[in-house]
Amino acid sequence: MQGVAWSDPRAPRFETSMKDGIHPKYFECTVTCGCGNSFQTRATVKELKIEVCSVCHPFYTGKQRFVDSAGRVDKFIKKYAKAEKAKS
């Protein structure tokens, strides 16, 4: 059909549908954050556990928070405190 715009009602309409059996099933999903916040969404799994969400993420809250894993932050601070003493 030459010269017919796609928005034209005379343009041919194609029946498009999703193929059966190749798309994942979606469930109502409960997302639970490490800070205790939880919310509902849809996903391919029924439950998600996350470490950081929009309630506790520093970008949204404006507060910086260290996630200390096995005392690594303390170890870092002690290591560089010794280095500062050695410099002076």
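All of the numbers you see were taken from the coordinates with simple rules; none came from a lab. A quick note: this is a predicted structure, and the numbers were derived from the prediction, not measured. A quick note on method: Cβ atoms are made from the backbone with ideal geometry, for glycine too, and the neighbour counts reach across all protein chains shown.
Straight-line reach from LYS49: which lysines have Cα under 24 Å away, leaving out those fewer than 8 places along the same chain?
The qualifying lysines are LYS25, LYS63.
About the Cα centre of the stretch 27-87, how large is the charge dipole given +1 on each Lys and Arg Cβ and -1 on each Asp and Glu Cβ? Please answer in debye to the nearest 20. Please report the intermediate quantities before stating the final value.
On the way: 12 positive and 6 negative charges, 106 e Å.
I would put it at about 520 debye.
Once Rh for the stretch 27-87 is found with the Kirkwood sum over Cα pairs, what is the Stokes-Einstein diffusion coefficient at 10 °C and 1.306 mPa s, in µm²/s? The partial results should precede the final answer.
On the way: Rh = 14.3 Å.
Rounded to a whole number, D works out at 111 µm²/s.
What spacing in nm lies between the two simple spin-label points modelled at CYS29 and ARG42, each 7 Å away from Cα in the Cβ direction?
Modelled inter-label distance: 1.2 nm.
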